[in-house]
Each structure stands twice: as C-alpha cells, then as structure tokens.
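For reference, the structure discussed in these notes is given below.
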Amino acid sequence: MKLEKSTLLGNKTVQISGSKSISNRLLILESLFSNIKIGNLSNSQDTQLLKKALSENTETVDIHHAGTAMRFLTSFYSIQQGKTTILTGSKRMKERPIKNLVNALKDLGVDIEYLENEGFPPLKITGKKITQTSVNVPANISSQFITSLLLIAGKLENGLEINLVGEVTSRSYIEMTLDILTKFGIINSFVGNTIKVEPFNSEDQPSAMSYEVESDWSSASYFYSISALGRKTIHLKSFYKASTQGDSAIAKIYEDFFGITTTFSEDEHKITLEPQQNFSFPEKIILDMNNCPDIAQTLCVTAAALQIPFEISGLGTLRVKETDRLLALYNELQKLGTETEITDSTIRSISFGEPQDHISIKTYQDHRMAMSFAPFCLIKELTIEEEEVVEKSYPMFWKDLASVVTN
C-alpha cells in the first residue's frame, strides 16, 4: 500500500474494536464454563481463528499465524478428557517455541507429543484429567504461556499453584488475566512469584454474566504516534481509565516523551489525545518496556521520525513474535535514516540521517510492523508491503488511518 505524504486532520474520532488480549481470554473461559456473554468482541483475525477453532469438533486444528490461539488452545485441549487433537499452524508458527508451556503441562501429567521438531508445533495432545496441584514455570518466558495455564486452572478439581522461577516478564498481562478470573468469580492470588488459583465453584456465580470488552490499547498506540507527529487532537473510543491492559502504559509514555496528554471521558468511554503546545522534547528516551513490549515498535518509529535518540530495553520477547521484531526494526528503521544497534533484548539509536528517496517497508508478515511504520506518512510518502497483515489484530486500520489524515 502506497501512503502519500499526509497531514493530520484535527478532532477526528475513531472507534477501535475490542482488545484482542481480553477477547481471547474470554473465549477460552466461555468454552470452559459456558455462561459468559461477550460484548465488543475483537474483530481481529486472531480472535476469529480462535473462535472458529473452539466451535469446531475436528481432530486437526490449524490456527495459521495466531500465536495466542496456539498457546491458549494447547492448555485447553490438554484437559479435554478422551479427546485427541492435532494443533498446527503456519510455517512461521512452526518456528515459534512452545517447549516451556509443553514442559509445564507434561509436569502436570498431560500427554503431548511433538509431531515435527522438538520444542515447536505441531502438537498431538491427548486430553486427560489433571489432579496435580502445582508446577514450576520459568518467569522470563512469554506471559501467554502462564496465562494459558491460568485460564484452565479454575476448571481443575484441585486448582493450581504456579511458581514462577526468576524475573517475571510482562507482569501486566498476567495481572490482566487474574483480574478477568476475579471478575468471573474464580478466586486467585499473586504473591511474590507464586500464583494460586482456586477450583471454580459454580454455586458462587450467577447463571450468566456479561463482559463488555474494552477497546485495544495496542491498536490505540498507532494513533498516539500519529498525534505526536501531526501535533493535532484525536479522539478514540471505547477506553477506560482503570484499564488492566499493559499497553495502556502508552498514555504516560507519550505524555512524558512526546507531550501527548490523554483526557478520559468516563461517560462516553472516550479518550482524547491532545498535543501540548511548545512541548520540549527530551534529549534522549531511555525506557524499560518489559511490561509493554508490543508497543515498542510504535515508540521507535515515533522517535526516529522526530529524530530523538532512544535506548529501549526489556524487549527479549520480541525475538520470538510473528517475526524477529528487533531485527526487523533494525532493518526498516535504516530506510527512515535511523541507524540502530540491537542485542537480544535492547535497541538503541546510533545516528539519524535523511530518509531514503523511495521508502518501502517490509512487514515480515507482522501486523505491528505495518501499523507502527504507517504514521511516518506524516513525514514522507512511503509504501507498506503486504498491507493485509493488519487483519491479524486490526482489520479496519487502513480505513481508520484514512479517516484522520488528508493528502
């Protein structure tokens, strides 16, 4: 998709779909407990793939690129007694490690086999009753592995204790899961590095409950970038001040470093992004994004566009996402004139120069690469390759972008 050099229109409002993270958690709980009515469900491809997988009664389940679905369904199918499931996905999915989650489930007594390469999908899962009560899990792995176990924990007759070994990564996503469990009526605690989930007692909960999904803060991040570069106001719906989404950290990050003030309208569930006039940009951005790595690409592109030096740490999980996001950033930021240095968990700018004459951004089949680089059209025209990748999390992105800018 070619994006012409554009100007931001002021005071436009965008309605963003429900959070993919929350929606996917609720879909698993709905399938396990059958008494949840979900409103504002995410329209992302990942969520639709998960919903489809849960509704089908087939032996082989292909979740394509949907990493969340792969992780959540691994635990879900593990407790479907007497059912054997082949869980597979795309070529890239077969390169994304899942060994730590499989090891934890095996420690709990689950029967799982690797059908191709050790430590990677596809998996053959034979569901059984889990009676063991505790498991040790490395704390620095993807929080989705831990959430996968938490989502089934209330269904186990003895509950589950998860002991996290080492420093916890993406803690906010774990806390989001526990908050959802609490609202559903599943008793839990998170003290130190130990999480305990009590077995669910259906007598403690009404026969049905409704859950309105908050809009997705990860998707909102691209409009923070647009507002920061275009220096005009944008309104977004539907967001809450007391959000449990880790990526809601974008509000404070963009206020501190780019002068974008977020105002909440509680009655309309709307946020207003308003650039501060005469804001003094920092000499350098130094930030640990361990709790919100999914918005790191957005931040790096904004900083590169404004030529603000940056040093971002806590990004180890980006190496095993849809692509190696750190390497992808290193490659594509060069096209914007920004040279960087990367390690296994950090990225820092080295120098800024002029953007290439004809910028064409490779997305590496990664939705966040497409959307995080798109705001650069406010600086210079560029082309985003494989623009359809946005369907994974935000199918309406290109339409919503077009609604707030003009050529």
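Give the residues of region 136-176 that are in a loop (DSSP other than H, G, I, E, B), open to solvent by 40 Å² or more (accessible area, probe 1.4 Å) and farther than 26 Å from residue 313 by Cβ, sorted by residue number. Spell out how you get there, then give the answer.
Step one: filter region 136-176 for residues in a loop (DSSP other than H, G, I, E, B), giving 139-142, 154-159, 166-170.
Next, from what is left, pick out any that are open to solvent by 40 Å² or more (accessible area, probe 1.4 Å): 140, 155, 157-158, 166-167.
Residues satisfying the conditions are 155, 157, 158.
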Practice task
Find the residue count for region 90-102, including only residues that are polar (S, T, N, Q) and either modelled with pLDDT of 95 or more or under 10 Å from residue 122 (Cα atoms) (or both).
Solution key: 1
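Residues are listed down the side, and each one gets a yes or a no for (1) in contact (Cβ under 8 Å) with a residue 60 or more places away in the chain; (2) of a type in the set (A, V, I, L, M, F, W, C):
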{"position": "18", "(1), (2)": "yes, no"}
{"position": "23", "(1), (2)": "yes, no"}
{"position": "32", "(1), (2)": "yes, yes"}
{"position": "38", "(1), (2)": "yes, yes"}
{"position": "58", "(1), (2)": "no, no"}
{"position": "62", "(1), (2)": "no, no"}
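Could you list all residues from region 278-291 that are hydrophobic (A, V, I, L, M, F, W, C), open to solvent by 10 Å² or more (accessible area, probe 1.4 Å) and not in a strand (DSSP E or B)? Talk me through it step by step, then tell me what you get.
Here is the first cut: in region 278-291, the residues hydrophobic (A, V, I, L, M, F, W, C) are 279, 281, 285-287, 289.
Among the residues that remain, those that are also open to solvent by 10 Å² or more (accessible area, probe 1.4 Å) are: 279, 281, 286-287.
Once the filter is applied, which keeps residues that are hydrophobic (A, V, I, L, M, F, W, C), open to solvent by 10 Å² or more (accessible area, probe 1.4 Å) and not in a strand (DSSP E or B), region 278-291 yields 279, 281.
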Practice task
Looking at (1) assigned by the TED database to the domain that holds residue 44; (2) open to solvent by 10 Å² or more (accessible area, probe 1.4 Å); (3) not hydroxyl-bearing (Ser, Thr, Tyr), find the lone condition where residue 197 falls short.
Solution key: (2)
Completion exercise
Per the list (1) open to solvent by less than 20 Å² (accessible area, probe 1.4 Å); (2) closer than 21 Å to residue 172 by Cα, residue check on residue 275 breaks on (2)
Practice task
Mind telling me which of the residues 242, 249 ends up being of a type in the set (A, V, I, L, M, F, W, C), open to solvent by 10 Å² or more (accessible area, probe 1.4 Å) and in contact with a Cys (Cβ under 6 Å, 6 or more places away or on another chain)?
Solution key: 249
Exercise for the section: Exactly one condition in (1) under 25 Å from residue 33 (Cβ atoms); (2) open to solvent by less than 10 Å² (accessible area, probe 1.4 Å); (3) out of contact with any strand residue (DSSP E or B) (no Cβ under 6 Å at 6 or more places or on another chain) is not met by residue 119; state its number. Expected result: (1)
Exercise for the section: Might you let me know whether region 214-229 holds any residue that is on the phi < 0 side of the Ramachandran plot, open to solvent by 60 Å² or more (accessible area, probe 1.4 Å) and in contact (Cβ under 8 Å) with a residue 12 or more places away in the chain? Expected result: no
Practice task
Would you be able to tell me the number of residues in region 220-233 that are touching a helix residue (DSSP H, G or I) at 6+ places or on another chain (Cβ under 8 Å) and either at pLDDT below 95 or among the basic types (Lys, Arg) (or both)?
Solution key: 0
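Which residue, of 148, 78, is within 19 Å of residue 200 (Cα to Cα) and in contact with a Phe, Trp or Tyr (Cβ under 8 Å, 6 or more places away or on another chain)?
Details: 78 fails: in contact with a Phe, Trp or Tyr (Cβ under 8 Å, 6 or more places away or on another chain).
Being within 19 Å of residue 200 (Cα to Cα) and in contact with a Phe, Trp or Tyr (Cβ under 8 Å, 6 or more places away or on another chain) holds for just one of 148, 78, which is 148.
The values are calculated or read from the model by the stated rules, or taken from the named source; none is laboratory data. Since we're looking at a predicted model, the values are computed, not measured. For neighbour counting, all protein chains shown are included, and Cβ atoms are generated from backbone atoms with ideal geometry for every residue, glycine included. The protein model used for the area step is the full one, side chains on, heavy atoms only, and it has no ligands, DNA or RNA in it. Shrake-Rupley method; radii C 1.70, N 1.55, O 1.52, S 1.80 Å.
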